[in-house]
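Asks: The following block contains the structure, expressed as structure tokens.
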Amino acid sequence: MERFKIFYRSLFFLVLFISSCNQNPELYKTEFTETESKKYAKQFMKGLHGVYYQGSPEEHFQIQEASILDTTFSDPHREMGASRVKRGINTETMKKYKKAVSLDPESWQGYRGYLYLYFYRDYDNAIKDFNELDTLTPNFVDYPQSENIDFMRGISYMMKKEYPKAQDYFKKFFAHETKSGDLNYIESRAFMYYGITYYETGEFNKAMEKFELGIKYNNNADLMYWKAKTLKALDHNPLEIKNALETSKELLAQGYNSRRPYVEEFYQTYIEDIDDLLKSI
């Protein structure tokens, strides 16, 4: 009896296997035209709307399939790079971005420059990418990762301590952004960085102008801290300096300061900075 069960079970699976082999081959199509491949690759990338976006195994499978379907498509390589930079897999990140840039420099060279600047603090390569992107898009201000390219070049030169060059780019940034005549849309750190370039060259009155202008439009702990530092450098009344620092401390406690996910912000203010300056008055 047991033998008959095994026989019929084996026969059932054999019939099932044979019938599956006779299915319409279109259902198992593995080769596509160039047009189809490009279409399906884009469909794979458009499907990345889950909770984890580039991070889950399923989403990685989709991205890999898209890159195989269309080897000229830059987006999969950029997405694979994005998931790796968030995990700190530095070497793999830049390999993926290098491929994305080689396929579509106008779309991704500025993004790579953004990574060099904020994640790797490689200011020379950041400037190189920004300059090369600028050559590709003449008479146009690029916004990689939604940031003004001149602003990021200004930061790069500021961090290289090349303050006059940084000031030139910050000046270009403000000129472009204020064409509408409204400074409300400019974030606080732009005023802070511009002011810092003057503070570092000993031009304290010019630095104060930038900090005060930023404070006019932003309640920000960083700006108040740098105002206090500048007041001290200008030998102002200790009580005035203390009041500025107390305001900075209150704003910091409320979360009104510059910060970013994954990495530390340039010149990010901490409570220890405020306390140290208070002690020095």
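The values are calculated or read from the model by the stated rules, or taken from the named source; none is laboratory data. Since the structure is predicted, the reported quantities are computational estimates derived from the model, not experimental observations. Here the Cβ is made from the backbone with ideal geometry for all residues, glycine too, and neighbour counts use every protein chain on show.
Asks: Here is a check on your reading of the model: is Tyr193 farther than 18 Å from Ser258 by Cβ and either among the hydroxyl-bearing types (Ser, Thr, Tyr) or touching a residue at least 24 places away in the same chain (Cβ under 8 Å) (or both)? Steps first, please.
Replies: Details: farther than 18 Å from Ser258 by Cβ: no; either among the hydroxyl-bearing types (Ser, Thr, Tyr) or touching a residue at least 24 places away in the same chain (Cβ under 8 Å) (or both): yes.
Taking the combined requirement at face value, the residue does not satisfy it.
Asks: Something else about it: Among the residues of the stretch 223-243, is any of a type in the set (A, V, I, L, M) and assigned to a loop (DSSP other than H, G, I, E, B)? Please lay out each step first, then the result.
Replies: Residues of the stretch 223-243 of a type in the set (A, V, I, L, M): 223-224, 228, 231, 233-234, 239, 241.
Okay, now just the ones that are also assigned to a loop (DSSP other than H, G, I, E, B), so 234.
Yes, the stretch 223-243 contains at least one residue that is of a type in the set (A, V, I, L, M) and assigned to a loop (DSSP other than H, G, I, E, B).
Asks: Search the stretch 221-263 for residues being touching a helix residue (DSSP H, G or I) at 6+ places or on another chain (Cβ under 6 Å), free of Cβ contacts under 8 Å to residues at least 24 places away in the same chain and of a type in the set (A, V, I, L, M), and hand back the single one that is nearest to Ala207 (Cα to Cα).
Replies: Filtering the stretch 221-263 for residues that are touching a helix residue (DSSP H, G or I) at 6+ places or on another chain (Cβ under 6 Å), free of Cβ contacts under 8 Å to residues at least 24 places away in the same chain and of a type in the set (A, V, I, L, M), the one nearest to Ala207 (Cα to Cα) comes out as Leu231.
Asks: While we're here: When the residues of the stretch 228-277 are filtered to those that are of a type in the set (Gly, Ala, Ser) and over 30 Å from Ser83 (Cα atoms), which remaining residue is surrounded by the fewest Cβ atoms within 10 Å (Cβ to Cβ)? Spell out how you get there, then give the answer.
Replies: At the first step, the residues of the stretch 228-277 found to be of a type in the set (Gly, Ala, Ser) are 228, 233, 244, 248, 253, 255, 258.
Still in the list and also over 30 Å from Ser83 (Cα atoms): 228, 233, 244, 248, 253.
Numbers: Ala228: 25, Ala233: 13, Ala244: 25, Ser248: 27, Ala253: 11.
Here the residue is Ala253.
Asks: Quick one: in the stretch 97-114, of everything that is of a type outside the set (Gly, Ala, Ser) and buried (at least 23 other Cβ atoms within 10 Å of the Cβ), which residue is nearest to Arg260 (Cα to Cα)? Lay out the reasoning, then the answer.
Replies: Kept after step one, since they are of a type outside the set (Gly, Ala, Ser), are these residues of the stretch 97-114: 97-99, 101, 103-106, 108-109, 111-112, 114.
Those left that are additionally buried (at least 23 other Cβ atoms within 10 Å of the Cβ): 97, 101, 108-109, 112.
Details: Tyr97: 21, Val101: 25, Trp108: 21, Gln109: 21, Arg112: 17 Å.
Going through the qualifying residues, I end up with Arg112.
Asks: Let me ask something else. Just checking, how many residues over the stretch 81-112 are closer than 17 Å to Glu264 by Cα and modelled with pLDDT of 95 or more?
Replies: Here is the first cut: in the stretch 81-112, the residues closer than 17 Å to Glu264 by Cα are 85-88, 90.
So of that shortlist, the ones also modelled with pLDDT of 95 or more come out as none.
Looking only at that region, the number is 0.
Asks: Tell me, which helices (runs of 4 or more DSSP H) wholly within the stretch 85-191 include 2 or more residues that are small (Gly, Ala, Ser)?
Replies: Working: elements: 90-103, 105-118, 123-136, 149-159, 163-177.
Fully inside the stretch 85-191 and qualifying: 90-103, 105-118, 149-159, 163-177.
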